[in-house]
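We did not get these values from a lab; they are worked out from the coordinates using the rules stated. Worth saying up front: this structure is predicted, and the values here are computed from it rather than measured. Every residue, glycine as well, gets a Cβ built from its backbone with ideal geometry; the counts of neighbours run over all protein chains shown.
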Amino acid sequence: MKSKDTKKIDLSQKVSDLEVADKIKDIQQSFESGKLSRRSFIAGALAMGVSLTAASAILNKVEAATPKKGGRLRVGLTGGATTDTLDPGQILDLYMIHLQFGQLRNGLTEVAANGKLTPELAESWEASPDAKTWHFNLRKGIEFHNGRSLTSEDVVASINHHLGENTKSAAKGIMSGVVSVKADGKHAVTIALSGGNADFPFLLTDYHMNICPANSDGSIDWQSGIGTGGYILKDHDAGVRSFTTRNPNYWKSGFAHFDEIEINQIGDPTARSQALQTGALDCMNNVPTATAHLMKRIPGIKIEATTGNKQITLPMRTDMAPFDNKDVRNAVKHIVDREQWLKKIVHGYGQLGNDNPIGPANIYRATTKELPQRGYDPDKARFLLKRAGLSKLDISFHAADTGFGGAVDAGQLMSDTARAAGININVVREPNDGYWSNVWMKKAFSACYWSGRATEDWIFSQIYAADASWNDTFWKNDKFNRLLVLARAELDPAKRRILYVEMQQIVHDDGGLCLPLFTSDVMAYHERLHVPAVIGANWELDGAKNAERWWFA
């Protein structure tokens, strides 16, 4: 009897606690919406039997998590260049991703902080049974920064900007399957594809696919920087500094809290770190992993690392000697000591790569049984060189810190470990400014990084397809390209996996890709910023959306 009575009392207490918790949530929501003052919140909590100490603690937590408007966010970034333009198709690195994709403009769809596909300018979509025709319904009442309403004509022009033989857009590869884009009334668009693509709404989250105002001739106005985003461009010095102010008519409720955003290109990691420590910046990307543990000890500074599909790559141009020889390419892949790179270059912030761009967050990634891990093997490298008719090899590796953090040091490590195979590597330090325009895709062997992509088709289509705009290895493999089309249209997950695994094997064995590591994005910020518990890992700085998602606490 005694135990039964105790259970009844405990159950009653639990019910009472739940009722109080529900009521606390009610007054919490009222406080967050501005219907209750701080004093009324405390009074309401006390009336429910909550102690003053507990009520104050709850209020402090609520206030910390409640978005606040105001302030200037000062961001220190890598990846800007004086050759940057406001053309969304020409976005090359984080600086312009952050400015255009993260502040000025929106896309039809978006990857949320939790990694899920969500609507943005499109409120809904549906596909034909064969996934060849997609119909997107647009939100109504959305305005561009100049006050003009968004219509289907703007969407049609913005997508067409990336299509056709003459487009200079880097999104040409992922949009290559688009046959037509047509307005269906004022607030709907129908897109026809040459073949089925179950991933198509994901592709529209690409940072190049920003919606811009249409011109009367069907082109887009990208030069003005006008978009539908949370911030309006006020000043832009390419590759140096950009300044925006909050869009007072932003259509997204509960986003874009800062009054102003100032982003600064600071390529030097020491200068970037010092600016944060002295209070000249509020946040920065690309924290050097060698000093991340030291920055953690600095009062007021917080470090955050996110791990997705970000990858370090060493592209070899397969259309240039000596990398036009498959055996030479594979010899180079065997002289990189990946374990050493993981320890010394990224200081444990990552995992081993296997010359395969499909990362740990992709669902069709090949297992180590399907694709055994390639390791440091100078004897195998020497054997491959001999098979290529060479007794030794002299090559240059071009690198800069904007290529990836520690790229020059990584080149020196590679040079050291390559000697045992008879490969002499001359490491050429290149300037950060203009690296993506003057070095990457120009030199035969260079440093690069990719943020990874949400789907297998996306990364394969944008970088490894024969006609991809960013095919930085200039690699063309007929079988790979046939499988790419088949996999894109295959709706059966099991069959699709078989195709993607085979494609990964082909890239690994034949491609010009040397991928030593998958790395974490490491950022730092001042504690005065409120950073949500869940942050996006698809791009740096909360999916490049920290200007929209964060606020000053």
> Considering only F323, A47, T109, whose Cα is most displaced toward the positive end of the charge dipole of the chain, charges sitting on Cβ of Lys, Arg (+1) and Asp, Glu (-1)?
Replying inline: A47
>> Once you keep just the Cα pairs under 8 angstrom separated by 6 or more residues, what percentage relative contact order results for the chain?
In response: 20 percent
> Of all DSSP beta bridges located in the chain, what percent are antiparallel, nearest 5?
Replying inline: 75 percent
> Between N286 and residues 5 or more places away or on another chain, which pairs have amide H atoms under 5 Å apart, with H built 1.01 Å from N, and which residues are they?
Replying inline: V522
>> At 1.306 mPa s and 10 °C, plugging the Kirkwood radius over alpha-carbon pairs of the stretch 308-519 into Stokes-Einstein gives what diffusion coefficient in µm²/s?
In response: 92 µm²/s
> Could you give the nm distance between label points at S124 and T66, where each point is 7 Å from its Cα heading toward the beta carbon?
Replying inline: 3.5 nm
>> Is there a quick way to get the dipole size of the stretch 70-150? I mean about its Cα centre, with the Cβ of Lys and Arg at +1 and of Asp and Glu at -1; what is the value in debye to the nearest 20?
In response: 280 debye
> For A420 and L352, what is the calculated FRET efficiency with R₀ set at 22 Å and r taken between the beta-carbons, to the nearest 0.05?
Replying inline: 0.65
> Hey, fewest Cβ within 10 Å first, where do H508, H293 land in order?
Replying inline: H293, H508
>> Using only the alpha-carbon atoms, how far is helix 378-387 inclined from the longest principal axis of the chain? Give it as 0 to 90 degrees, nearest 10.
In response: 50 degrees
> Cα axis of helix 38-47 to longest principal axis of the chain: angle in degrees, 0 to 90, nearest 10?
Replying inline: 70 degrees
>> Under the 0.36 nm per residue contour assumption, what length would be gained going from the current alpha-carbon distance of K326 and R387 to full extension?
In response: 20.9 nm
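Grab the beta carbon distance between I363 and K140, set R0 = 45 Å, and tell me the FRET efficiency rounded to 0.05.
Working from the Cβ atoms, E equals 0.85.
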> How large is the dipole of the chain about the Cα centre if only Lys and Arg carry +1 and Asp and Glu carry -1, each at its Cβ, rounded to the nearest 20 debye?
Replying inline: 1400 debye
> When we measure straight from the Cα of K392, which aspartates and glutamates land under 20 angstrom away, once same-chain ones fewer than 8 places off are left out?
Replying inline: D324, D327, D337, D377, D379, D416
> Which residues make up the longest stretch of the chain that has no GluC sites (Glu not before Pro) in a DSSP loop with at most 16 other Cβ atoms within 10 Å?
Replying inline: 166-369
> Does the stretch 106-203 come out rounded, prolate or oblate by the C-alpha gyration tensor, with a ≥ b ≥ c the root eigenvalues, rounded set by a/c under 1.5 and, if not, prolate when a/b is larger than b/c and oblate if not?
Replying inline: rounded
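Calculate how large, on average over all directions, the projected area of the Cα convex hull of the chain is; give the answer in nm² to one decimal.
If you wrap the Cα atoms of the chain in a convex hull and average its projections, you get 31.0 nm².
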> Once you put a point 7 Å from the Cα of S224 and another 7 Å from the Cα of T83, both along the Cβ direction, what distance in nm separates them?
Replying inline: 2.9 nm
> Going toward the positive end of the dipole of the chain, with +1 on Lys and Arg Cβ and -1 on Asp and Glu Cβ, which of A494, Q100, I395 do you reach last?
Replying inline: A494
> Any idea what the dipole of the stretch 106-203 comes to, in debye rounded to 20, about its Cα centre with Lys/Arg Cβ at +1 and Asp/Glu Cβ at -1?
Replying inline: 120 debye
> Contour minus end-to-end for Q340 and Q277, with contour as 0.36 nm per residue of separation and end-to-end as the Cα-Cα distance?
Replying inline: 19.7 nm
> What angle, in degrees between 0 and 90 and rounded to the nearest 10, separates the Cα long axis of helix 52-65 from the longest principal axis of the Cα atoms of the chain?
Replying inline: 40 degrees
> Using modelled backbone amide H atoms (1.01 Å from N, in-plane), which distant-in-sequence or interchain residues come within less than 5 Å of Y449's amide H?
Replying inline: T313
> So between E153 and D259, what do we pick up on full extension, going 0.36 nm a residue minus the alpha carbon distance?
Replying inline: 35.1 nm
>> For the pairs K69/K545; K132/K186; K333/K495, flag any whose C-alpha to C-alpha distance is greater than 19 Å.
In response: K132/K186; K333/K495
> V179 versus S437, label points 7 Å from Cα toward the beta carbon: distance in nm?
Replying inline: 3.9 nm
